[in-house]
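Everything below concerns the one structure shown next.
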Amino acid sequence: MTEIIKNSIFVRLIVFVYSKMREYFSCSALGALAKTLHESYLQSNTRKAWEGFCGQPDAAEFSIYKKFLVIIEKLLHVIGSWLENSIIYKVIVGLKSIYLKITKNSALFGLINSMPLHRWFLVLFGMYLPIEYIVRDTLNLGILASVWEELFIMAGIALILWRNCLKQSNSFARATTMETCLLLYMAAGALLMMLNRPFPSIAMAGYRAQVEYVVWFFIIIRLIDSLEDAKALIWGFTGVVFLLSLHGIYQYIIAVPIPSSWVSQTEAGVRTRVFSLTGSPNIFGSLLVMGAPSYAALMYYCKEGWKKFLALCGVGTMCLCILFTFSRGSWVGLIVAIVIFAMYMDKRLLGIMGMGMAAVLVAVPSITSRLTYLFTNDYKEASAVGGRALRWETGWNLLHENSPWLGFGLGRFGGAVAMNNQVLDKTEEFSYFYMDNYYLKTLVEMGYSGFIVYIVCLIAFVILSMRVVYRCSRERVYTYGEDALTRNIGSMKPIAAGLFAGLTGVLVHCYFENIFEEPYMMAYFWGLAAAIAWLGFFRTPGEEYRK
């Protein structure tokens, strides 16, 4: 298979064009300048400072929080000693033994039993969106549809406690600065909910929407115990996103009907906007931005040529589907994600991105018209009357009419909770709507105090991710060549860089949409952030670091 792909006309043409471009670039003044700057950086103090910053251990490892977790872990071990002698434990072990005897000759159950329960849980987490779609939209299971996410979280917590009580895992005492920041954010939100709650039930619902799915960071980082566990989560998620991208392209082919409000009158060339299972092209575009860089990482991680080729096709499919969402915010997020991934892995991607953007603008008039519409008077008028400009101005005014430091109140304006609980009277100056900017929505509801803590959490995420990518790049791996596509084979660097790039692209998109209003988007974000943390700080490298 690999030889067939290598000898195909398509691949040989790409190799020929690339070799010629590389030859011309190396002989050019720009190439000489790039080489000089690279050599200067290798000997510079800037590099030493950067490596010193990225190479530092996580401060939480030496914190009071870490000591507290260790105490709780020892307490769990005591409980586990009691549990092993209890009737409950004996009944569970007996039921497991009966189950294994019944299913030992089954090929299907043999496959299921080949993976431990916690790894299956991680696979199910990767399938969060399809599960939600089936439970809520397809089967419409009533009460279960409204509480299944809470049950899922409780199951994850129970699994962590069970495994740590029985010493099947020593993950409970894992501590990161990211966790402490998230705990501070949750505490700040709880305090604001109590101080500013003209409608207590709405404030509680707003607090739940703001912090509930952050809990997935705490759960996932304690469920991953091996590289196989991390791969089950990451590949499960990227596999789901790839299948959804195929569904999105199918929607574009059949020109699936969409509401007229999704396009303006001046964008008649937009025949449809794809949304797959999400119900929103903007959310779907953000989901694709989150998954595409992780899929691209396979091109650098895998050794076999056919796997690299399939990864290339998968990334192309996702990028094509992002175009068909016609979500300008996700396009911006994708550009940022590509730039971050390229700076870490392969700067040639910047040139490919530039050529691809130019080709799309020339060949696809509907995309060009949707972009150029941003610079027309029609867009300015629409934005001022009922678009983002009016919404952002309204939110800003509400923040300062109340208490800028305490906010307008959790759940009271700009998000799904407020839209479902419209307790204030509508006037000519006031009406309910989505803010179309998650950061401004958070600022309006939580004030400057809550917003500052939230931004600290995001900064902590960025710092953690940069340190993880650096740590992964320092590990000794098998070197198959000096090209970026071969020297990173088997390294965790492309995986960490892909996750970091995708999640950062989503953060950029949040400036234009309420992306985290969708529970699965927030759950995916913090769950994958936990996977990044595990890759850098809790995974045991197989070999020594490079000198």
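The values are calculated or read from the model by the stated rules, or taken from the named source; none is laboratory data. Bear in mind the structure is a predicted one, so any value in this text is a computation, not a measurement. Note that we place each Cβ from the backbone using ideal geometry, even for glycine, and neighbour counts take in every protein chain shown. Ligands, DNA and RNA are stripped out before the accessible areas are found, and what is left, the full protein with its side chains, is counted by its heavy atoms. Shrake-Rupley method; radii C 1.70, N 1.55, O 1.52, S 1.80 Å.
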Restricting to Cα pairs under 8 Å and 6 or more apart, the percent relative contact order of segment 56-182 works out to 55
Taking r as the C-beta separation of residue 87 and residue 168 and R0 as 25 Å, the FRET efficiency to the nearest 0.05 is 0.80
Helix-only [θ] at 222 nm, the chain, -39500 (n - 2.57) per DSSP H run of 4+, per residue, nearest 500, equals -23000 deg cm²/dmol
With a 31 Å threshold on alpha-carbon distance, the violating pairs from 74/101; 101/231; 74/96; 66/308; 96/231; 104/167 are 74/101; 66/308
Among GluC sites (Glu not before Pro) in segment 455-515, those in a DSSP loop whose Cβ has at most 13 other Cβ atoms within 10 Å are 482
The percentage of the accessible area of the chain (probe 1.4 Å, all protein chains present) made up of carbon and sulfur atoms, to the nearest whole number, is 67
Given 82-91, 169-178, the highest-first ranking by average Cβ count within 10 Å works out to 169-178, 82-91
Accessible-area order for 436, 137, 425, largest to smallest, probe 1.4 angstrom, reads 425, 137, 436
Once the dipole of the chain is set up from charges on Cβ (+1 Lys and Arg, -1 Asp and Glu), the residue from the list 423, 330, 299 lying farthest towards its positive end is 299
The extension gain from residue 227 to residue 359, computed as 0.36 nm times the residue separation minus the Cα-Cα distance, is 43.6 nm
Yeah, segment 403-547 with a ≥ b ≥ c from its alpha-carbon gyration tensor (a/c under 1.5 is rounded, else prolate when a/b outruns b/c, oblate otherwise) is prolate
Placing each pseudo-label 7 Å from Cα in the direction of the beta carbon, residue 161 and residue 332 end up separated by a distance in nanometres of 4.4
Computed from the beta carbon distance with a Förster radius of 25 Å, FRET efficiency for residue 347 and residue 43 to the nearest 0.05 stands at 0.80
FRET efficiency for residue 140 and residue 255 from the Cβ-Cβ distance with R0 = 30 Å, rounded to 0.05, comes out at 0.65
Env charge @ residue 132, Cβ radius under 10 Å, K,R +1 / D,E -1, value -2
Expected sort for 118-131, 209-222 on mean C-beta neighbours within 10 Å, highest first, is 209-222, 118-131
Accessible-area order for 71, 515, largest to smallest, probe 1.4 angstrom, reads 71, 515
Segment 401-547: relative contact order from alpha carbon pairs under 8 Å, six or more residues apart, as a whole percent, is 26
So, over other residues within a Cβ distance under 14 Å of residue 202, counting Lys, Arg +1 and Asp, Glu -1, the net charge is +2
Surrounding charge for residue 222, neighbours by C-beta under 13 angstrom, Lys/Arg +1, Asp/Glu -1, total -2
So, relative contact order of the chain in percent, Cα under 8 Å, 6 or more apart, is 20
Ranking 287, 141, 95 from most to least accessible area with a 1.4 Å probe gives 95, 141, 287
Mean Cβ-within-10 Å packing, highest first, puts peptides 519-530, 250-261 in the order 519-530, 250-261
Computed over the chain, protein heavy atoms only, probe 1.4 angstrom, the accessible area per residue in square angstrom equals 49
Whole-Å distance linking the alpha carbon centroid of segment 163-183 with that of segment 440-460 is 25
Answer in debye to the nearest 20: the dipole magnitude of the chain about its Cα centre, from +1 Lys/Arg and -1 Asp/Glu charges placed on Cβ, is 1660
SASA check, residue 538, accessible area w/ 1.4 Å probe, all protein chains in place, rounded to nearest 10 Å², comes out at 50
Of the residues 524, 534, 257, the Cα lying farthest along the dipole of the chain towards its positive end, which is defined by charges on the beta carbon of Lys, Arg, Asp and Glu, belongs to 534
